[in-house]
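*Asks:* First, the structure itself, so that you have it in front of you.
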Amino acid sequence: MQKKDYLKKIWLSACVYYTATTFLLIFLFWLISDDITRAMHPVALMLILPFSVCFAAANTLFKHARFAEWIKVLLHYAITMASIWCFLFLPNKANGQTAGGAFILYMVLTVIYAIIMGIVLYMRGKIKRITREETKYTSVYKKK
């Protein structure tokens, strides 16, 4: 794939992630809050877009990079958590919020990330194994 194709894939994925995340957050806010006239701050909603771009870039890197699997997972985790920190946590941090709360948040997010990534890696391994078993073997030593 060319650079243009990667960028197109990243931006298209980012738009999908942005839309899904925005609707999910609005739905969760609607479930939690009784006051329908209040909503999320517009700046907080706009900061979901750079998070979505970073997450889409991390997914593209994870899918197409030619590194060892553990390096790809580590890079994906670092990019995802850094974008959560920079674009979702810091701008929306409440006054008087302690570092302990942020640590607990990151521990919970790390556990959720580990569970989801474990499922993704398990499913990728299963799919690769199935496609490898179904391919027809052609001998490279047999003369024609």
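The values are calculated or read from the model by the stated rules, or taken from the named source; none is laboratory data. Bear in mind that the values here come from a model prediction, so they are computed numbers and not experimental data. Backbone-built Cβ (ideal geometry, glycine too); neighbour counts: all protein chains shown. Remember, those area values only see protein heavy atoms, side chains included, never the ligands or the DNA or RNA. Shrake-Rupley method; radii C 1.70, N 1.55, O 1.52, S 1.80 Å.
*Asks:* Could you tell me which label, among [x] 76, 33, 28; [y] 66, 60, 28; [z] 53, 35, 28, carries the value of Cα extents along the principal axes in Å calculated for this structure?
*Replies:* Looking at Cα extents along the principal axes in Å for this model, the match is [x].
*Asks:* Before rounding to the nearest 500, sum -39500 (n - 2.57) across all DSSP H runs of length at least 4 in the chain and divide by the residue total; then give [θ] at 222 nm in deg cm²/dmol.
*Replies:* Taken over the chain, the calculation gives -24500 deg cm²/dmol.
*Asks:* Run the accessible area of the chain with a 1.4 Å probe and give the carbon-and-sulfur part as a rounded percent.
*Replies:* Result for the chain: 71 percent of the exposed heavy-atom area is carbon or sulfur.
*Asks:* For region 36-144, run through the chymotrypsin sites (Phe, Trp or Tyr not before Pro) and keep only the ones in DSSP coil with at most 15 other Cβ atoms within 10 Å of their Cβ.
*Replies:* When the chymotrypsin sites (Phe, Trp or Tyr not before Pro) of region 36-144 are filtered for loop state and at most 15 Cβ neighbours within 10 Å, PHE67, TYR137, TYR141 remain.
*Asks:* Quick one, could you list the DSSP H helices from the chain stretching 30 Å or more along their long axis (Cα atoms) with average Kyte-Doolittle hydropathy of 0.5 or above?
*Replies:* 3-32, 99-134
*Asks:* Turning to a different aspect of this structure: What whole-number distance in Å separates the alpha-carbon centres of region 10-35 and region 42-92?
*Replies:* 16 Å
*Asks:* Can you give me the accessible area per residue for the chain, using a 1.4 Å probe, in Å²?
*Replies:* With the other protein chains kept in place, the chain gives 78 Å² per residue.
*Asks:* Here is a further query. Would you mind classifying region 84-144 by shape? Square roots of the alpha carbon gyration tensor eigenvalues, ordered a ≥ b ≥ c; an a/c under 1.5 is rounded, otherwise it is prolate if a/b is larger than b/c and oblate if not.
*Replies:* Here region 84-144 falls in the prolate category.
*Asks:* Between PHE23 and MET107, what is 0.36 nm times their sequence separation minus the Cα-Cα distance? Round to one decimal in nm.
*Replies:* 27.7 nm
*Asks:* As an exercise, use a Förster radius of 25 Å and the Cβ-Cβ distance of TYR122 and LEU61 to find the FRET efficiency, rounded to the nearest 0.05.
*Replies:* 0.80
*Asks:* Placing unit charges on C-beta atoms (Lys and Arg positive, Asp and Glu negative, everything else neutral), compute the dipole magnitude of region 6-144 about its Cα centre in debye, rounded to 20.
*Replies:* 1320 debye
*Asks:* Still on this structure: Any of LYS72/LYS136; LYS72/LYS128; LYS63/LYS126; LYS9/LYS63; LYS72/LYS93; LYS3/LYS63 with alpha carbons more than 19 Å apart? Name them for me.
*Replies:* Pairs exceeding the cut-off: LYS72/LYS136; LYS72/LYS93.
*Asks:* Next question. Checking the a/c ratio against 1.5 first, then a/b against b/c, what shape does the Cα gyration tensor give for region 1-78?
*Replies:* prolate
*Asks:* Let me ask something else. Full-extension gain between MET46 and ASP5, please, as 0.36 nm times their residue separation minus the C-alpha to C-alpha distance.
*Replies:* Using 0.36 nm per residue and subtracting the Cα-Cα distance, I get 12.3 nm.
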